[in-house]
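Working notes for the structure below.
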Amino acid sequence: MMVSNRGVLVCGELVDGSISSTTRELLAVGRKLSNDLGQSLSTLIIGDKIDDQALELISLGADQVYVTEGPKFYDAPSELYVAIISECCKQLTRSIILIGQTDMGREVAPRLAARLGATVTMDCIELTIETQTKRMLLTKPVYGGNAIAVWASESNKPQIVTLRPRSSMPAVPDPTRKGNVTILSISLDFSMIKSRLVKTAKEEIKGLKLEEAKVVICGGGGIGGKEGFKLLEDLAKVLSGTIGVTRVPCDSGWMPISLEIGQTGRIISPDLYIGIGVSGAPQHMAGCSGSKYIVAINRDIEANIFKEADFGVIGEYTKVLPSLIEKFKNLILT
Amino acid sequence: MNIIVCIKEVPDPQIPPAKFRIDSEAKRILPPEGIPPVINPYDAQAVELALRLKEKHSGKITVLTVGSEASTTVVKHALSMGADEGFILADKSFDGSDSFSIAYILTKAIQKIGNYDLILCGRQAADWDESLTGPLLAENLNVPLLTLAQSVEVSGKEMNVKRGILEGCQFLQVTLPALVTVSNEIGQPRLPSGWGIISAARKKVPVWTATDISVEPSQIGAGAARRVLVKLLSPKRARMCEIITGETPAEAGEKLGERLRQTGVI
């Protein structure tokens, strides 16, 4: 007999032992979906000695937390987490499974879908329950952000969804919330794990993390070379911000890949984003459209970024920036 | 070393957003006038990687696409870059297939070809941006999967892959056969050479239909799709840009600073 799937499950990620910001966003979205469906919200986390984190997940909205043993995320090949999560999901039989569109989620979600016979939709920015039908509507940017697709599933297969980081507000903790924690034991056939993780090399980030910066100065192909970024760094310094880039400076080797903002890089939502020599391709704007204010400096009046900015200057950045930096210095000193 | 590269034809992702048209009624993209479709850029990079591996280890490169007879153009593009042979998987019954069905169709074709060491796909297609086909194909074929490859080295049956992650990279090792999805850090795909274009023009690109690869009708087409497209919309542009001008660019810069202070941005 088929077990009918019910309830919402969030696959949580711990980063350096703490609940990741994406997991907090998944819990907020999951809580809303559960309430609208009148079903429960559970969370699965992998790790050892993580009782405190399990209780924190309850305060963040989970009714049940399932804890299963396994290595820390990114300490083993993704394949191992696919195996662990799919064994857990087979036991839990939930109808909706939410995963972050993270390095791990990108690889886990499709494979999990294959193993569970589920539907899967990647990189969604909004999930809602349609009032009459109770079906879930999944909103996802497509064609590099040139269009927005809304999908739904009418089958009774479980639905797996990955959510784009920073597309939703994180859950606010409520310490009075009640829930329970269950240890899930699964048996794994380790001979099935075919890839070996030799090492993970994390790049040292100097100064502010892009995702945490209040001000991001972003340089694009229009900067023309590595040297041009000195001026951008001066601007970042006055505003206590940090530097980001579009894909061209990475592909051209001017700046490290770890600073890339966009669909294939980081997703940021600072108070102020200043795009300099940035054409504003949708694939890049996908990574910064959540900024509170967008300012564009570009010599090309036709550049798409002017359609997505709040303020713009049309001109050569080498001529615009020095006076802008001076002005900011004066304004901040006074 | 036998390499199979799965490629897809997509609308040119470089289309300026202003030229991008959506038919919301029909829930589809209108092909932009005068801008022909192209090989998905990440797939061209997968072909590039295949060529570099072949140069080192010799072997054969086979290109596969699910499409229509019109997809000959993208297959010929890969052939003119240097791939050895190409097949188009086309059948009326494939219409409306979702990623699961596409992966299933490719699986059947790859099983028919057989004898492969490595399967390459682009990290995602520039149309639906799903990044599903590669991972689903790896599950179907039960081979190890390595995603977001920035570089690949092969030595005998061992393969080392550098996988890009947000905070840096991971180094992974597997024994072939395996499936790799290729990211843009692999580098620019080569342009077809004159000789490449001539030799590609001479090559036949066979079309395999549903019967040729013996697919189960229940697994393909719109009927097998696991979800439905409810709407296809243009993104909302909520911002109105205030252009700050000045006599000189320097003056405009100064005024921008003032304006940002005035409006409380800084």
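Residue-by-condition table, conditions (1) closer than 30 Å to residue A:250 by Cβ; (2) of a type in the set (Asp, Glu); (3) in the same structural domain as residue B:53 (by TED's automatic domain parsing):
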| position | (1), (2), (3) |
| --- | --- |
| B:192 | yes, no, yes |
| B:212 | no, yes, yes |
| B:217 | no, no, yes |
| B:231 | no, no, no |
| B:241 | yes, no, no |
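Looking only at residues in segment A:264-289 that are out of contact with any Leu (no Cβ under 8 Å at 6 or more places or on another chain) and among the β-branched types (Val, Ile, Thr), the one that is surrounded by the most Cβ atoms within 10 Å (Cβ to Cβ) is A:278.
Of all residues in segment B:120-135, those satisfying the criterion of being more than 9 Å from chain A (Cβ to nearest Cβ) and among the small types (Gly, Ala, Ser) are B:122, B:125.
Selection of segment A:38-95 for residues being of a type in the set (Val, Ile, Thr) and at negative phi yields A:43, A:45, A:46, A:50, A:58, A:65, A:67, A:68, A:82, A:84, A:85.
From the set of residues in segment A:86-96 that are more than 14 Å from chain B (Cβ to nearest Cβ) and in contact (Cβ under 8 Å) with a residue 60 or more places away in the chain, which is surrounded by the most Cβ atoms within 10 Å (Cβ to Cβ)? It would help to see each step written out before you state the result.
Just the residues of segment A:86-96 that are more than 14 Å from chain B (Cβ to nearest Cβ), to begin with: A:87-94.
Still in the list and also in contact (Cβ under 8 Å) with a residue 60 or more places away in the chain: A:87-89, A:91-94.
Numbers: A:87: 18, A:88: 21, A:89: 21, A:91: 12, A:92: 19, A:93: 15, A:94: 23.
By that ranking, first place goes to A:94.
Apart from one condition, residue B:143 fits all of (1) outside any strand (DSSP E or B); (2) of a type in the set (A, V, I, L, M); (3) facing chain A (nearest Cβ under 7 Å); the exception is (3).
Give segment A:37-53 a look and list any residue that's of a type outside the set (S, T, N, Q), surrounded by fewer than 23 Cβ atoms within 10 Å (Cβ to Cβ) and in contact with a strand residue (DSSP E or B) (Cβ under 8 Å, 6 or more places away or on another chain), or say none. Hits for segment A:37-53 are A:37, A:47, A:50, A:51. Could you tell me which of the residues A:116, A:163 is in contact (Cβ under 8 Å) with a residue 40 or more places away in the chain and within 16 Å of the chain's Cα centre (by Cα)? Unique residue meeting the criteria: A:163.
Collect the residues in segment B:217-266 that are closer than 24 Å to residue A:231 by Cβ and of a type in the set (A, V, I, L, M, F, W, C), keeping them in residue-number order. If the condition is that a residue be closer than 24 Å to residue A:231 by Cβ and of a type in the set (A, V, I, L, M, F, W, C), then B:241, B:243, B:244, B:250, B:252, B:256, B:260, B:265, B:266 are the ones that fit.
Looking across segment A:310-334, the residues that are of a type in the set (S, T, N, Q) and modelled with pLDDT under 95 come down to A:330, A:334. Of the residues contained in segment A:212-230, one or more are found to be part of a helix (DSSP H, G or I), within 21 Å of residue A:267 (Cβ to Cβ) and at pLDDT below 95.
The rows are residues; the columns are (1) away from chain A (no Cβ under 14 Å); (2) outside any loop (DSSP other than H, G, I, E, B).
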residue: B:191; (1), (2): yes, no
residue: B:196; (1), (2): yes, yes
residue: B:213; (1), (2): yes, no
residue: B:253; (1), (2): no, yes
residue: B:258; (1), (2): no, yes
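Of all residues in segment A:126-154 being polar (S, T, N, Q) and out of contact with any strand residue (DSSP E or B) (no Cβ under 7 Å at 6 or more places or on another chain), which is nearest to residue B:28 (Cα to Cα)? Within segment A:126-154, the match that is nearest to residue B:28 (Cα to Cα) is A:146. Taking the listed residues B:200, B:138, B:149, the one that is buried (at least 19 other Cβ atoms within 10 Å of the Cβ), under 22 Å from the mean Cα position of the chain (by Cα), assigned to a helix (DSSP H, G or I) and within 14 Å of another protein chain (Cβ to nearest Cβ) is B:138, with no other qualifying.
The values are calculated or read from the model by the stated rules, or taken from the named source; none is laboratory data. Predicted model, so just to flag it, every value in this text is computed and none were measured. All Cβ positions, glycine included, derive from the backbone under ideal geometry; neighbour counts span all protein chains shown.
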